[in-house]
Amino acid sequence: MITNRTYAVEPWAVRETELNLDLLAQSESVFALSNGHVGWRGNLDEGEPHGLPGSYLNGVYELHPLPYAEAGYGYPESGQTVINVTNGKVLRLLVDDEPFDLRYGRLVKHERTLDLRRGVLERFCEWTSPAGSTVRVRSTRLVSLTQRAIAAVSYEVEPLDSKTRVVIQSELVANESLPGPNGDPRTAKALKSPLQPEEDMAVGPRLRLVHRTRTSGLRVAVAADHVVDGPEPTSTSSESNTDVARLTVTSVLEPGQRLRVQKTVAHGWSGTRSRPAMSDQVEAALAAAAHSGWDGLVAEQRAYLDDFWGRADVEVDGDEEIQQAVRFGLFHVLQAGARAEQRAIPAKGLTGSGYDGHAFWDTEMFVLPVLTYTAPKAVAEALRWRRDTLPAARDRAAQLGLRGAAFPWRTIDGSEGSAYWPAGTAAFHVNADIAHAAVRYAVATGDADFERDTGLELLVETARLWRSLGHHDHHGTFHIDGVTGPDEYSAIADDNVYTNLMARANLLAAADMCERHPDVAARFGVDDEESAAWRDAAEAVHIPYNHELGVHEQHAGFTRYQRWDFTRTRADQYPLMLHFPYFDLYRKQVIKQADLVLAMYTCGRFFDEYSDEEQVARNFAYYEPLTVRDSSLSACCQAVVAAQTGHLRLAYDYTAEAALMDLADLEHNTRDGLHIASLAGTWMALVAGFGGTRREEDHLSFTPRLPEKFSRLAFRLQFRGRCLRVEIGADRATYTLLSGSPLRIRHHGKTLTVNGDGPVTRAIPASKPRPAPEQPPHRRPNAR
Ligand code: BGC
């Protein structure tokens, strides 16, 4: 049970009613606003106090040297790190002659609310200065989902008991000093003042700063415009220097009078555009935003989100925390990807600098599944970013002596950023994950243009990689040796089942897509010989199985390893990687995160078609006691397979873990940014777990079953131009076609058609009782 909640439990909002300065960094992540292009952490308007100031532009990073104690061929020479760009959020306030700073004086009332329907962060507070003046401050902030470059704040101050002189300083601040040492001193040096000034301007209410990163050479322009509303006389002045541009607004207010500043901030960056062009770009974005006005921006935001929720909402009856969390998760997943537009979707979105702002396979296997069925346009954009990075991926493959493309394990600009090759270079599954996401998107939308302009190239280049990475043995069996699967407590393993099954799907899908589009395939030099070789490899791929135990092996030989001594591992020794050497983790049966279990979800048909009905349950029962969930990517995958195998109670507990990862700060690192994959995983646990939603070729199937605690679960899916609503109760499920032409689906194995004539209801068969699987001691999910 989660106790001491920081946020009130409400269906459509995340609300904080007390300000705990120790939790400031965590709430800055939770209250972060983003549209996938611009990200503003939930820093207090006044800039201080802060946990971690954060303003990010997707794709803006700096390079730093990657040090190696022992050099080796093919190691990346420099690392990429997201940087804190020019901060447009800051509105400092002076009350009489004292700075409004919540570390001093008395905070009488405080409330911050992230409104998931309006897409704004609202703040309300009353504060008494050390000298005894009390003011009320209200602010509303948004990062526009409709105008990609724009963020805006409405900031209002009002004295409560006496005539008060008020000064608001609205600023753009570059090169803010960041708290704490940033790990390696060489990295810290590269990141200290990463922005070199090129231009500063302040004319009336308009401010602008243009900078350029030192090594990566990216130009960043940020401009602001203001509308000031206060009693006469209210005066303004503005000034700028290289790193600060400031509008100062002064007024004397009687109780009941208000001074309001509406600030609109435009952001832009480029590796190629000139300084004047960048200045014009942000000025033009400001002009467009001014055309909408503050009220227009707020209304557009609401309309955008109404449309999103109409397509994407998930309703849960019976657990209010999960209801809130799934909407919070969907909101942040949307924010991470909505307007990323041919840029990466980082593991933390644009909510913090954790993982250096890198994108991993999290995007394709956790975030894109949600967006495919709720906001599919964003998926095409994210995969077009991968396509645009193909030149770097081809170079990397060539450097590794392989064909095709080897996508990076972690990256911002498309080049490999991992300095630890056993869990970086060797994690080749990321290539099949990208291919899987491309196929998922193409099938779920029927977007043939995408197949031709993006999907096919991604599939061909990844298929080529697998064909050259693996080999046929003298029996003709195809092996992929020496790779790392999702479980990072096993590395450089042979025939990892997840990797092999995903590679198999990649090879077959590439051959099929080339057959569908022979002209495009020919352009990429694919001939019949090549696609036949892909099919041969796919059909001969080795899937290791232990006949004695009746279970698949996570990788060849895995079940022979010594089991980790869980009984002698203390609760405070998790995560294991921080307390035990990797070499020991690698040679024992201990699993960081769902691997074979994930394969049973993503490649479920293999297990259905080639195994007996009980195989999935047997595998799950075998791997559960070995899985420690030292990654936040695990619980949601385990939830899906627990639900599939009828362990609904366990699935429920895992769902709650994924759902509350950040709202309850379960891993104590939400301050670094949100766990976007786990938030997306909440949707996955509900929709694929309890909804039993699977994509089978070009149709959807469902095997819904609810845990006891839920009285109802309802969700909506976008599929091939339709919007389908699924509503599940304790003993029946109802399918309603909200828009689009009739759709054939399957419910617990039986085909049915939904059309405009009305909902179709079917009974839910009882699940087969099975003994509850064990987890390692100390690693059971919290029972709710
Ligand atoms: C996990 C990876 C994941 C990364 C970023 C690691 O702890 O093991 O699977 O991609 O975090 O979320």
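The table for this structure:
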quantity	calculated
Restricting segment 480-548 to GluC sites (Glu not before Pro) in coil, as DSSP defines it, with at most 10 other Cβ within 10 Å	E548
Hydrodynamic radius of segment 31-292 per Kirkwood, over alpha carbon pairs, in Å	19.3 Å
Mean shadow area of segment 388-437 over all directions, Cα convex hull, nm²	3.3 nm²
Label-point separation, A131 to L578 (7 Å along Cα→Cβ), nm	4.5 nm
Relative contact order, percent, the chain [alpha-carbon distance under 8 Å, six or more residues apart]	11 percent
Rounded accessible area per residue of segment 309-394, 1.4 Å, Å²	22 Å²
For segment 271-326 versus segment 346-369, the gap between their alpha-carbon centres in whole angstrom	20 Å
Structure-based [θ]222 nm, the chain - -39500 (n - 2.57) summed over DSSP H runs of at least 4, per residue, nearest 500	-9000 deg cm²/dmol
Segment 324-705, accessible surface, carbon-and-sulfur percent (1.4 angstrom probe)	48 percent
Estimated inter-spin distance, H471 and E198, nm [label 7 Å along Cα→Cβ]	5.0 nm
Extension gain, R103 back to E10 (0.36 nm per residue minus Cα-Cα distance, nm)	30.6 nm
Relative contact order of segment 324-705, pairs being alpha-carbon contacts under 8 Å that are 6 or more residues apart, as %	17 percent
Inter-centroid distance (Cα atoms) of segment 669-713 relative to segment 86-143, Å	37 Å
Whole-percent carbon and sulfur share, accessible surface of segment 31-292, 1.4 Å	48 percent
Additional length obtainable on full extension of the chain from D229 to H547, 0.36 nm per residue less Cα span	106.8 nm
Of K709/K750; K348/K768; K377/K709; K377/K592; K109/K377, pairs whose Cα-Cα distance is over 31 Å	K348/K768; K377/K709; K377/K592; K109/K377
Probe 1.4 Å, protein heavy atoms only - accessible area per residue of segment 31-292 in square angstrom	38 Å²
Between segment 723-784 and segment 436-452, the Cα center-to-center distance that results, in Å	25 Å
Modelled FRET efficiency - R0 51 Å, A69 with E697, Cβ distances, 0.05 increments	0.55
With DNA, RNA and ligands ignored, accessible area of H542 (1.4 Å probe; Å², nearest 10)	60 Å²
FRET efficiency estimate (nearest 0.05) - Cβ-Cβ, S177 to A532, R0 56 angstrom	0.40
Rounded FRET efficiency, nearest 0.05, which uses the C-beta distance separating N782 from F124 and R0 of 30 Å	0.35
Where labels lie 7 Å past Cα in the beta-carbon direction, separation of S78 and D395 in nm	1.1 nm
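The values are calculated or read from the model by the stated rules, or taken from the named source; none is laboratory data. Keep in mind it's a predicted model, so treat the numbers as computed, not measured. All Cβ positions, glycine included, derive from the backbone under ideal geometry; neighbour counts span all protein chains shown. These accessible areas exclude ligands, DNA and RNA; they are computed on the full protein's heavy atoms, side chains included. Shrake-Rupley method; radii C 1.70, N 1.55, O 1.52, S 1.80 Å.
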